[in-house]
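Worksheet: the structure to be examined is printed underneath.
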Amino acid sequence: MKLIDVLTKECVFAELEAEDRDGVIKELLDRLVECGRIDKDKEQPILKALIDREELGSTAIGNGVAIPHAKLDAIDDIVAAFGISHKGVDFNALDGEKVYLFFLLVAPSESAGPHLKVLARITRLLRDKNFRETLMQVKTKEEAIRLIEEEDARYN
């Protein structure tokens, strides 16, 4: 499964405004609603599930990356959003560093296999230090999309 299969171009953002963990999650979720990927009436239960997941343990995996994610019955398909914070956000990362790259992932409760495959795909792509550092520096949505698509195509 390619990352671009769940991350539509409309849901990529080159400059997040939020300055804290919950704000980033809310901002990315709001944008999924604006993109038409999530119904507005499902936003609050999804937000609660994402925040509850963070309370179990941070989804910031280090190296400036966080992958907030949740599974719940409120949605039918796996959806994702990507955003960059050029200022960085304290996300309680394992390495204690700020987070700059955020992949928000929401999946149906019964999608354990596909959900894990997307998480693994994101992790694999962001393992490359040069890719991470280049992605952190992009200024436009178009640049971010191009980089993600190119990197995603490298892994079959």
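Tell me which residues, restricted to region 103-116, are crowded, with 16+ Cβ neighbours inside 10 Å and either part of a helix (DSSP H, G or I) or modelled with pLDDT of 90 or more (or both).
Taking region 103-116 as the starting set, the residues that turn out to be crowded, with 16+ Cβ neighbours inside 10 Å are 103-108, 111, 114-115.
Within region 103-116, 103, 104, 105, 106, 107, 108, 114, 115 meet the criteria.
Going through region 75-102 one residue at a time, which ones are surrounded by fewer than 19 Cβ atoms within 10 Å (Cβ to Cβ) and assigned to a loop (DSSP other than H, G, I, E, B)? Can you show your working first?
Taking region 75-102 first, the residues surrounded by fewer than 19 Cβ atoms within 10 Å (Cβ to Cβ) are 76-77, 86-88, 90, 92, 94-98.
Once the filter is applied, which keeps residues that are surrounded by fewer than 19 Cβ atoms within 10 Å (Cβ to Cβ) and assigned to a loop (DSSP other than H, G, I, E, B), region 75-102 yields 76, 77, 90, 92, 94, 95, 96, 97, 98.
Would you point out the residue of region 51-61, among those that are more than 18 Å from residue 100 (Cα to Cα) and in contact (Cβ under 8 Å) with a residue 12 or more places away in the chain, that is surrounded by the most Cβ atoms within 10 Å (Cβ to Cβ)?
The residue in question is 53.
Among the residues of region 51-68, is any under 17 Å from residue 1 (Cα atoms) and over 15 Å from the mean Cα position of the chain (by Cα)?
no
Within region 50-61, track down each residue that is outside any helix (DSSP H, G or I) and not small (Gly, Ala, Ser).
Correct list: 59, 61.
Does residue 112 qualify as being more than 17 Å from residue 83 (Cα to Cα) and more than 16 Å from the chain's Cα centre (by Cα)?
Values: more than 17 Å from residue 83 (Cα to Cα): yes; more than 16 Å from the chain's Cα centre (by Cα): yes.
Against the criterion (more than 17 Å from residue 83 (Cα to Cα) and more than 16 Å from the chain's Cα centre (by Cα)), residue 112 qualifies.
Please go through region 91-102 and give me each residue that is more than 19 Å from residue 14 (Cβ to Cβ), at pLDDT 90 or above and of a type in the set (A, V, I, L, M, F, W, C), ordered by number.
Going through region 91-102, the residues more than 19 Å from residue 14 (Cβ to Cβ) turn out to be 92-97.
Subsequent filtering for residues that are at pLDDT 90 or above retains 92-93, 95-97.
Within region 91-102, just 93 meets the criteria.
Looking at region 62-74, which of its residues are crowded, with 21+ Cβ neighbours inside 10 Å and not in a loop (DSSP other than H, G, I, E, B)?
65, 66, 69, 70 - these are the residues of region 62-74 that are crowded, with 21+ Cβ neighbours inside 10 Å and not in a loop (DSSP other than H, G, I, E, B).
What number of residues within region 30-49 satisfy the criterion of being closer than 25 Å to residue 131 by Cβ and in a helix (DSSP H, G or I)? Lay out the reasoning, then the answer.
Just the residues of region 30-49 that are closer than 25 Å to residue 131 by Cβ, to begin with: 31-32, 35, 37.
Checking the rest, the ones that are also in a helix (DSSP H, G or I) come to 31-32.
Count: 2.
Can you name the residue in region 117-153 that is more than 27 Å from residue 71 (Cα to Cα) and among the hydroxyl-bearing types (Ser, Thr, Tyr) and, of all such residues, is surrounded by the fewest Cβ atoms within 10 Å (Cβ to Cβ)?
Filtering region 117-153 for residues that are more than 27 Å from residue 71 (Cα to Cα) and among the hydroxyl-bearing types (Ser, Thr, Tyr), the one surrounded by the fewest Cβ atoms within 10 Å (Cβ to Cβ) comes out as 140.
Consider residue 133 carefully, then state whether it is modelled with pLDDT of 95 or more, farther than 19 Å from residue 20 by Cα and not hydrophobic (A, V, I, L, M, F, W, C).
Numbers: modelled with pLDDT of 95 or more: yes; farther than 19 Å from residue 20 by Cα: yes; not hydrophobic (A, V, I, L, M, F, W, C): yes.
Judged against the criteria, residue 133 is a match.
Restricting the first residue to region 26-44 and requiring it to be within 11 Å of residue 81 (Cα to Cα) and free of Cβ contacts under 8 Å to residues at least 40 places away in the same chain, which pairs with a second residue that is crowded, with 20+ Cβ neighbours inside 10 Å and aliphatic (A, V, I, L, M) meet a Cβ separation below 9 Å and a spacing of at least six or different chains?
Taking only residues 6 or more apart or on different chains, not a single pair turns up.
The values are calculated or read from the model by the stated rules, or taken from the named source; none is laboratory data. Since the structure is predicted, the reported quantities are computational estimates derived from the model, not experimental observations. Reconstructed Cβ throughout: ideal geometry from the backbone, glycine too, with neighbour counts over all protein chains shown.
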